[in-house]
Amino acid sequence: MAQTHFGFRNVDEAEKARHVRGVFDSVASRYDLMNDVLSFGLHRLWKAYTVAVAAVRPGMQVLDIAGGTGDLAREFAAAVGDSGRVVLTDINEAMLRVGRDRLMDRGVALPTVVCDAEQLPFGDATFDLVSVAFGLRNMTHKETALAEMARVLRPGGRLLVLEFSRPAGPLRKPYDWYSFNVMPHLGRWIAGDAESYRYLAESIRMHPDQATLKAMMKANGFGHVDVHNLAGGIVALHVGVKC
Ligand SMILES: C[S@@+](CC[C@H](N)C(=O)[O-])C[C@H]1O[C@@H](n2cnc3c(N)ncnc32)[C@H](O)[C@@H]1O
C-alpha cells in the first residue's frame, strides 16, 4: 500500500485521514482558544487579510473547505447578503459542530456539510469563490483536492489557500525552536494534548513551500496564481484563478 506522511511519520495512505480525524476530534473544543494562544492572535489578522483579498460581494456563491469553526465563513456570510450563499464544509463533524454552534450564537445559519475535500459533493462550476484556511496541509492527496476545488469553481472564479508556509531565512531558527519546544507544551497545558500540537509543527514542515504549492495549483486547474507572504512567510495566501 502507498505511504504518505502524517507529520514526520510515514503511514499508509488509507490511514492518514483517520489520524487527522483523531487530531481534530481531540482539539475541537479548545481549537479557537489554542489558535489565539499559539499565534498570539495573529491568525485573526491572517484571516482578515484573506477576507479583504476575497472581496466577496452580495449575491456570490462561496464554498469554505475545511472550514472548521467557521471564522472565514462568518465573514463571507455577512458579505454575500441574502442573495448569495456560503456553504461551510469540513471532513470533521466535531469541528463543524463547534463552528455551527458559534455561528448560531451570532445569529448566522449556514448550510453546513460534512465532506472530504478530495470528493466534493457539488456540481461543476457551482461557486464564484472557494477558500481553504489551514486545511490543505492535512489532506492526503493535495493535488486531488486542488483539482476538485477547480472543478466546483466557475471559469474565472478564485481559490484562496491560506496555509503555513516557509518563512524567510532569519525567522527559521527561532520559529523552529518555538514550534518544537513551546507549542507541544502549550498544547498539553491548555488542550490536554501535546501530540496534536507536535503534529501541527511537523505537518507544517512537511507542507509544500510557496513555489511548490503555486506549481501544484497551476498543474491542477489554476491558470494564474499569486502568492502573498504574511508574517515573513510563516503563512502564505495563494490566490488561484480558474482558467
Ligand atoms: C487547522 S483546521 C482549520 C480550520 C479553519 N479553516 C481555520 O482556519 O481555523 C484544519 C481543518 O481541516 C479539516 N480537514 C482535514 N482534512 C480534510 C479533508 N480531507 N477534507 C476536508 N477537511 C479536512 C480538519 O477536519 C480541520 O477542521
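Numbers below:
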{"item": "Odd one out for Val56, checked against (1) more than 14 Å from the ligand (Cβ to nearest atom); (2) open to solvent by 50 Å² or more (accessible area, probe 1.4 Å)", "result": "(2)"}
{"item": "Test for Asp64: is it more than 8 Å from the ligand (Cβ to nearest atom) and either open to solvent by 20 Å² or more (accessible area, probe 1.4 Å) or of a type outside the set (Val, Ile, Thr) (or both)", "result": "no"}
{"item": "Entirely in the range 80-170, the strands (runs of 3 or more DSSP E) that have 3 or more residues that are in contact with a strand residue (DSSP E or B) (Cβ under 7 Å, 6 or more places away or on another chain) and under 21 Å from Asp226 (Cβ atoms)", "result": "127-133, 153-164"}
{"item": "Every residue from the range 202-214 that is assigned to a helix (DSSP H, G or I), touching a Gly at 6+ places or on another chain (Cβ under 9 Å) and open to solvent by 40 Å² or more (accessible area, probe 1.4 Å)", "result": "Arg205, Met206, Lys214"}
{"item": "Where Val114 falls short, out of the listed (1) aliphatic (A, V, I, L, M); (2) within 17 Å of the chain's Cα centre (by Cα); (3) crowded, with 20+ Cβ neighbours inside 10 Å; (4) within 28 Å of Arg18 (Cα to Cα)", "result": "(3)"}
{"item": "Some residue of the range 145-165 being at pLDDT below 95 and open to solvent by 60 Å² or more (accessible area, probe 1.4 Å)", "result": "no"}
{"item": "Inter-residue pairs, beta-carbon under 8 Å, first within 23 Å of Gln61 (Cβ to Cβ) and in the range 153-178, second modelled with pLDDT under 95, 6+ apart", "result": "Pro155/Cys243; Gly156/Cys243"}
{"item": "Residue within the range 181-201 that is open to solvent by 20 Å² or more (accessible area, probe 1.4 Å), closer than 26 Å to Ala73 by Cβ and at pLDDT 95 or above present", "result": "no"}
{"item": "Single residue of the range 100-130 satisfying the filter (near the ligand (Cβ under 8 Å from one of its atoms) and not acidic (Asp, Glu)) that is farthest from Val53 (Cα to Cα)", "result": "Cys115"}
{"item": "Residue, nearest to the chain's Cα centre (by Cα), within the range 5-42, restricted to residues that are open to solvent by 50 Å² or more (accessible area, probe 1.4 Å) and within 17 Å of Glu93 (Cα to Cα)", "result": "Arg21"}
{"item": "Ala2 vs. criteria loosely packed, with under 15 Cβ neighbours inside 10 Å and on the phi > 0 side of the Ramachandran plot", "result": "no"}
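The values are calculated or read from the model by the stated rules, or taken from the named source; none is laboratory data. Note that this is a predicted model, so its numbers are computed, not measured. No Cβ is skipped: glycine too gets one built from the backbone with ideal geometry, and neighbour counts run over all protein chains shown. Quick note on the areas: whole protein, heavy atoms, side chains included, nothing else; ligands and nucleic acids left out. Shrake-Rupley method; radii C 1.70, N 1.55, O 1.52, S 1.80 Å.
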